[in-house]
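The structure under discussion appears below in the form of structure tokens.
The values are calculated or read from the model by the stated rules, or taken from the named source; none is laboratory data. Not measured: the values here are computed from a predicted model. Don't worry about glycine lacking a Cβ; one is built from the backbone with ideal geometry, like all the others, and counts go over all protein chains shown. When the accessible area is computed, the model is the full protein with side chains, heavy atoms only, and any ligands, DNA or RNA have been set aside. Shrake-Rupley method; radii C 1.70, N 1.55, O 1.52, S 1.80 Å.
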Amino acid sequence: MFPRLTGRLARLRPHGLLAALLVPLTLLGPLDAAAQGEKPIDLVKAWEADAGKKTSAIGAGKKAAFFCANCHGDDGNSRYPEVPNLAAQNSAYLVEQIRKFGSGERKDDFMQGLIKVLNDEQKAQIALFYADAKVSPIKAGAVGDINRGKGLFSRVCSGCHGAEAKGNETIPRLAGQQGEYLKKSLLRYRNKSGERLYAPMSAVTAQLSDSDVEAVVAYLSALKN
């Protein structure tokens, strides 16, 4: 979901900006008293079952995600081709990635620092906000044979990511994802460069040539719904 952003974020954030986030984030009040003390995934599931609370949580999530917009866009559609879209990702999947950054299982100094600023309720609100957002058309798609990419995806990837590449609670949505981000992620798994460590993905991508990767990326980045 989230890539390493060190170079670009060095340009985006002045010294001490992360500390400055503490004040505005803590001003976002709780959705309701009952929410306090609940784990983010439990809050997400509870709010998704209540239309009124879900709507309120999405609104609060938009406010809590104000700084995320610097890279991931105002509505979860990334401002940069190497940064993933978060729009329309599964809310439970997003909560789990937030947890992994917070625990250090996923490595990125800035993401880890920012997530530590958020309380559990804000994490759940942000996940619901992005999950509710729509994927926007990508202006400049990746180059590659889309039809061949569709066949490769169906044969190699759809078993986990789903026939429409929408993922689920544990597998990320790939449909409409940023092409450069997809390409870098696939190559990191395939080349075992160390940034991406997941044996099943390394095994699957090992059978893909560079042109195969280009084709799969072109197909996935063209999907919208």
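Summary of computed values
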{"read-out": "Rh (Kirkwood; distinct C-alpha pairs) - region 144-196, Å", "value": "11.9"}
{"read-out": "Carbon + sulfur, % of accessible area of region 68-225 - ligands and nucleic acids excluded, 1.4 Å", "value": "51"}
{"read-out": "Shape metrics for region 72-225, restricted to C-alpha atoms - Rg then Dmax, Å", "value": "15.2, 44"}
{"read-out": "Sites Asp145 and Lys107 - FRET efficiency at Förster radius 35 Å, r taken between beta-carbons, to 0.05", "value": "0.55"}
{"read-out": "Solvent-accessible surface ranking, highest first, for Arg190, Arg155, Arg99 at 1.4 angstrom", "value": "Arg155, Arg99, Arg190"}
{"read-out": "Distance between modelled label sites at Thr55 and Ser136, nm, 7 Å Cα→Cβ extension", "value": "2.5"}
{"read-out": "Accessible surface, region 91-213, averaged per residue in Å² (probe 1.4 Å)", "value": "50"}
{"read-out": "In region 73-167, GluC sites (Glu not before Pro) in a DSSP loop with at most 15 other beta-carbon atoms within 10 Å", "value": "Glu105, Glu164"}
{"read-out": "Residue-by-residue Karplus 3J(HN,Hα) for region 185-202, coefficients 6.51, -1.76, 1.60, Hz, glycine and proline x", "value": "5, 4, 5, 5, 5, 4, 7, 6, 6, x, 6, 10, 10, 7, 3, x, 5, 5"}
